[in-house]
Amino acid sequence: MSKAPQGCCTVSGLVKTYRAGGTEVRANDGIDLAVRRGEIFGLLGPNGAGKSTLVRQLTGLLRPDAGSIDLLGHDIVRHPERAARLLGYLGQESTALDELTVALAAETTGRLRGLTRRQARTETVDVITELGLEPLAHRPLAKLSGGQRRLACFAATLVGDRPLLVLDEPTTGMDPVARRAVWSAVDRRRAERGTTVLLVTHNVIEAETVLDRVAVVDGGKVIACDTPGGLKALVDGHVRLDLVWRHDAPTEVPAVAALADRAERTGRRWTLRTTPDEARELVAAVTTGPAFAALDDFTLATPTLEDAYLRLGGRHGGLAR
Ligand SMILES: Nc1ncnc2c1ncn2[C@@H]1O[C@H](COP(=O)(O)OP(=O)(O)OP(=O)(O)O)[C@@H](O)[C@H]1O
């Protein structure tokens, strides 16, 4: 049995290749990762980066081609069945418990994790109350909206305390109230029980506010791993200027025409990443005369994780803002 002194989860040289219809996809291409106990650790990256493939191997559901996975001192490649006792997993795919009610799905999960009927019932009631799911408790998962079902599955994941929670895009489709309930529940478990959380996300705003550290995954590799602040330091000294035009950009204005090739365009929005000094000049140029008349809105902002991610060479468009 290998040891991970302060570690919760240590991954070394993980490789996974899918073979389908004569083509090969190297979804994980030598991943190294060390998640500390009690950390909220994020995996950030565009669609197809290999994040779900990685977490499915951690959960023992998928066998790596090469590499090692240590979960709290257990070798999960050799003993994949042990993962279920160490972690609670919320995957992307819909659950086998879909036909059950919210309460029964949570209770059944607790029973499968070794709780007595009474313990499972008590924990179910607690978690349903904690997440504000009482009005839905007796409705089948299959008959809920996408966001409601996701919250109910999250509730089930929490029943039967586990030292590690692996959450694959847990808040997808949820409204702001439900999202807040999820992050409060995660925070509470970390604070009260020292629970470690491994979180897969596309959402840069969530990533910035809840994560202790982030690994940026792209093309099956970890291309950076740091605190959100550390990653943002990569783009220190830069600012982002967003210009939103009322209609088409007034390219007859020379100052605007000069920006045309540099701006990243999303509909009527032009985004420019530049130094604070140049940003001041650009703001002065577009807030006078005909350019200003054509301008609907502008914002000047310090770098986000998305900017850091782009600087790292990640593909644009895969991350939500
Ligand atoms: N069962 C499979 N068979 C073949 N290829 C697969 C399979 N599952 C995933 N892939 C491929 O492996 C790569 C990594 O997929 P994965 O689902 O791990 O990415 P992801 O980062 O989780 O993406 P998303 O953010 O869209 O969930 C992709 O190119 C995907 O098409």
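The values are calculated or read from the model by the stated rules, or taken from the named source; none is laboratory data. Given the structure is predicted, the values throughout are model-derived calculations rather than measurements. Positions of Cβ are generated from backbone atoms using ideal geometry, with glycine treated the same way; all protein chains shown enter the neighbour counts.
Just a few scattered comments:
- Among residues of the stretch 13-25 that are under 12 Å from L62 (Cβ atoms), those with a Cβ under 7 angstrom from a residue that is of a type in the set (S, T, Y) and within 8 Å of the ligand (Cβ to nearest atom), sequence gap 6+ or separate chain, pair up as K16/T53.
- Checked against (1) over 17 Å from the mean Cα position of the chain (by Cα); (2) assigned to a strand (DSSP E or B); (3) crowded, with 18+ Cβ neighbours inside 10 Å, G42 meets all criteria but (1).
- Checking T196 against (1) modelled with pLDDT under 95; (2) surrounded by 16 or more Cβ atoms within 10 Å (Cβ to Cβ), the condition it does not meet: (1)
- For the stretch 9-22, filtered to residues that are within 16 Å of the ligand (Cβ to nearest atom) and under 25 Å from A207 (Cβ atoms), the residue that is surrounded by the most Cβ atoms within 10 Å (Cβ to Cβ) is L14.
- Residues that are within 19 Å of D226 (Cα to Cα) and within 15 Å of the ligand (Cβ to nearest atom) within the stretch 26-48 comprise G30, I31, L33, G42, L43, L44, G45, P46, listed in sequence order.
- Applying the condition of being within 16 Å of the ligand (Cβ to nearest atom) and part of a loop (DSSP other than H, G, I, E, B) to the stretch 69-94 and asking which residue is surrounded by the fewest Cβ atoms within 10 Å (Cβ to Cβ) yields E93.
- V55 in contact with a strand residue (DSSP E or B) (Cβ under 6 Å, 6 or more places away or on another chain), among the β-branched types (V, I, T), within 27 Å of R149 (Cβ to Cβ) and in the same structural domain as L165 (by TED's automatic domain parsing): yes
- Given (1) touching a strand residue (DSSP E or B) at 6+ places or on another chain (Cβ under 6 Å); (2) without any contact (Cβ under 8 Å) to a residue 40 or more places away in the chain; (3) more than 10 Å from the ligand (Cβ to nearest atom), number of the condition G60 does not satisfy: (1)
- Only residues that are under 15 Å from D307 (Cα atoms) and part of a loop (DSSP other than H, G, I, E, B) were counted in the stretch 211-224, giving 0.
- A single entry from R311, R240 fulfils the requirement of being within 30 Å of K51 (Cα to Cα), over 20 Å from the mean Cα position of the chain (by Cα), at pLDDT below 90 and surrounded by 12 or more Cβ atoms within 10 Å (Cβ to Cβ): R240.
- Just one of (1) surrounded by fewer than 19 Cβ atoms within 10 Å (Cβ to Cβ); (2) touching a residue at least 60 places away in the same chain (Cβ under 8 Å); (3) over 18 Å from the mean Cα position of the chain (by Cα) fails for A255. It is (2).
- Only one of the listed residues (G132, G110) is assigned to a loop (DSSP other than H, G, I, E, B), within 30 Å of E39 (Cβ to Cβ) and in contact (Cβ under 8 Å) with a residue 24 or more places away in the chain. That residue is G132.
Let's see how each residue does on (1) within 13 Å of the ligand (Cβ to nearest atom); (2) over 21 Å from the mean Cα position of the chain (by Cα):
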{"position": "E24", "(1), (2)": "yes, yes"}
{"position": "G50", "(1), (2)": "yes, no"}
{"position": "P64", "(1), (2)": "yes, yes"}
{"position": "G67", "(1), (2)": "no, yes"}
{"position": "A96", "(1), (2)": "no, yes"}
{"position": "A103", "(1), (2)": "no, yes"}
{"position": "E107", "(1), (2)": "no, yes"}
